[in-house]
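A.B. asks: I'd like to ask you about the structure that follows.
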Amino acid sequence: MTYSHEVEHMCVVKKGPNHGPAPIPEEGKWVKAKEIVDISGLTHGIGWCAPQQGACKLTLNVKEGVIQEALIETIGCSGMTHSAAMASEILPGKTILEAMNTDLVCDAINTAMRELFLQIVYGRTQSAFSEGGLIIGAGLEDLGKGLRSQVGTLYGTLAKGPRYLEMAEGYIKAVFLDKDDQICGYEFVHMGKFMDEIKKGTDANEALKKVTGTYGRVTPEQGAVKQIDPRHE
């Protein structure tokens, strides 16, 4: 190690007490993290690319510094889905420091990794106060039945008003309007469950009936006076 001339000629002054880093909460314990292997936790991060054309939600389950589980969810950019496919192979098995310095192909995923790294090393994980943390597979449970991301796609214009296209319940098949032409309910198809039924061999029309549901006021008795297709009307 090379020192400057000024430092070389300084006298030695001993340090006082060294208490080390402040402890952070990790999986139900208080940990003084000094090495990457001291870090554990499950957490989420959100990232975006420079033109902000797309976004990524990244979920990692880290045990003793090593990524054991990764869930990559993307929206708004077709190329990002392919980058996410690569990230699902790249991330598991890497330490969080390696992952920070790995090209995850897409800027949005890289940015999500950065934000998530901060959550983890500052003790702000979802599992900070969960004794033993969360099992490997907990990230997948975020998707629920049908294993599809929670996606909201809503559109509106001043001239024609709002259009509900996809919500947490699923693909919006129809929107119901009241006497004032305001939305009072909608009909949806749970696409994950629908595809599960098709794979089981259920007739498509029968499967569609099984997985179609409604929310809000959708009958004349409830005040719905008109039904529209939000994609074509």
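A.B. asks: Identify all residues within the stretch 119-137 that are part of a helix (DSSP H, G or I), among the hydrophobic types (A, V, I, L, M, F, W, C) and in contact with a Ser or Thr (Cβ under 8 Å, 6 or more places away or on another chain); write none if there are none. Explain how you work it out, then say what you get.
C.D. replies: Within the stretch 119-137, the first condition is being part of a helix (DSSP H, G or I), and the residues that meet it are 119-121.
Remaining after also requiring among the hydrophobic types (A, V, I, L, M, F, W, C): 120-121.
Hit for the stretch 119-137 is 120, nothing else.
A.B. asks: Shifting gears a bit: I'm trying to understand the selection: among the residues of the stretch 163-192, which are at pLDDT below 95 and among the acidic types (Asp, Glu)?
C.D. replies: 169
A.B. asks: Got a number for residues in the stretch 125-142 being surrounded by 14 or more Cβ atoms within 10 Å (Cβ to Cβ) and in contact with a Gly (Cβ under 9 Å, 6 or more places away or on another chain)?
C.D. replies: Qualifying residue count for the region: 7.
A.B. asks: Go through the stretch 56-78 residue by residue and tally those that are at pLDDT 95 or above and either at positive phi or among the small types (Gly, Ala, Ser) (or both).
C.D. replies: Total meeting the criteria: 3.
A.B. asks: Tally the residues that are within 20 Å of residue 232 (Cα to Cα), touching a residue at least 12 places away in the same chain (Cβ under 8 Å) and loosely packed, with under 15 Cβ neighbours inside 10 Å, restricting the search to the stretch 173-200.
C.D. replies: Selection size over the stretch 173-200: 1.
A.B. asks: For the stretch 5-118, give me every one of the strands (runs of 3 or more DSSP E) that falls completely inside it and has 2 or more residues that are surrounded by 19 or more Cβ atoms within 10 Å (Cβ to Cβ) and of a type in the set (Gly, Ala, Ser). So that I can check it myself, show each step before the final result.
C.D. replies: Values: elements: 24-26, 29-31, 41-48, 55-63, 66-75.
In the stretch 5-118, 41-48 are the strands (runs of 3 or more DSSP E) which contain 2 or more residues that are surrounded by 19 or more Cβ atoms within 10 Å (Cβ to Cβ) and of a type in the set (Gly, Ala, Ser).
A.B. asks: Also, quick follow-up: Which of the residues spanning the stretch 1-31 are farther than 30 Å from residue 129 by Cβ and either among the aliphatic types (A, V, I, L, M) or assigned by TED's automatic domain parsing to the domain that holds residue 121 (or both)? Steps first, answer last, please.
C.D. replies: Within the stretch 1-31, the subset farther than 30 Å from residue 129 by Cβ is 1-16.
Hits for the stretch 1-31 are 1, 7, 10, 12, 13.
A.B. asks: Hey, another quick one. Give the number of residues within the stretch 35-66 that are farther than 24 Å from residue 106 by Cα and of a type in the set (A, V, I, L, M).
C.D. replies: 3
The values are calculated or read from the model by the stated rules, or taken from the named source; none is laboratory data. These numbers were taken from a predicted model, which means no experiment stands behind them. Note: ideal-geometry Cβ built from the backbone for every residue, glycine included; neighbour counts use all protein chains shown.
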